[in-house]
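The values are calculated or read from the model by the stated rules, or taken from the named source; none is laboratory data. Everything quoted here is computed from the prediction, not taken from an experiment. Counting neighbours? That spans all protein chains shown, and the Cβs are built from the backbone with ideal geometry, glycine included.
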Amino acid sequence: MEEFYMVDGPAQGEIVEKKSRFIANVFPVDSEEQALEIVEKTKKQYWDARHNCFAFVIGKNNEVQRFSDDGEPQGTAGKPILEVLTKGNIHNTLIIVTRYFGGTLLGTGGLVRAYGQSSKAAIENSRLLRVCEGVSFSVECDYNSIGKIKYIIAQMNIEAKEEYGANVKLDIEMPKENFEKFKSQVVEATNGQAVFSRVDDIEYKQKCTD
């Protein structure tokens, strides 16, 4: 699969252009139905606003793309919002930009910039997840080795679920690109005593540090 990004939760950004307020709200979404439900709720929340324009992208390969100018001149609102998502390779995400008219017409270029900039502000205020090919697996080791493995896990900034019994079992998920490096380091640190099992391919979501 080609890697992409998505937002980890709702976020908001706002700009003011010639007294018009552009309030952009961003949401993670899994389906077109969910996205449209959020649009309707947002319209009710901002019932006194002149426009609630939106765009969303859903699917690993952008299978679903939709946008609305909601009364703004054609191509001045929904499309620039959509371009923030597509140019940023951001999927499974909805952006709604609410406009409170400030009394001054902005013109086509001004509207395109305002809707695009407010959308970018919302994305910048959100936490992005990198979605890529991953692996899910288990590692079993004795109690003498667990400290060494946990050190490697910490160095690679991944998480593990621990289960203690006669030995220690770790359930781990990580980007597929890091698996061979991790396995090599664990084998070396434990003198080959650690046992890897149940290696499955998954879709892995990794928090971006930027």
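Data for the structure
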quantity	calculated
Extreme residue, nearest to Thr76 (Cα to Cα), among residues of the stretch 98-153 that are assigned to a helix (DSSP H, G or I) and among the aromatic types (Phe, Trp, Tyr)	Tyr115
Selected residue (only one of Gly59, Gly109, Gly102 is modelled with pLDDT under 95, at positive phi and not basic (Lys, Arg))	Gly59
Conditions (1) in the same structural domain as Leu36 (by TED's automatic domain parsing); (2) surrounded by 17 or more Cβ atoms within 10 Å (Cβ to Cβ): number failed by Phe101	(2)
Selection status of Ala122, surrounded by 12 or more Cβ atoms within 10 Å (Cβ to Cβ) and assigned by TED's automatic domain parsing to the domain that holds Asn89	yes
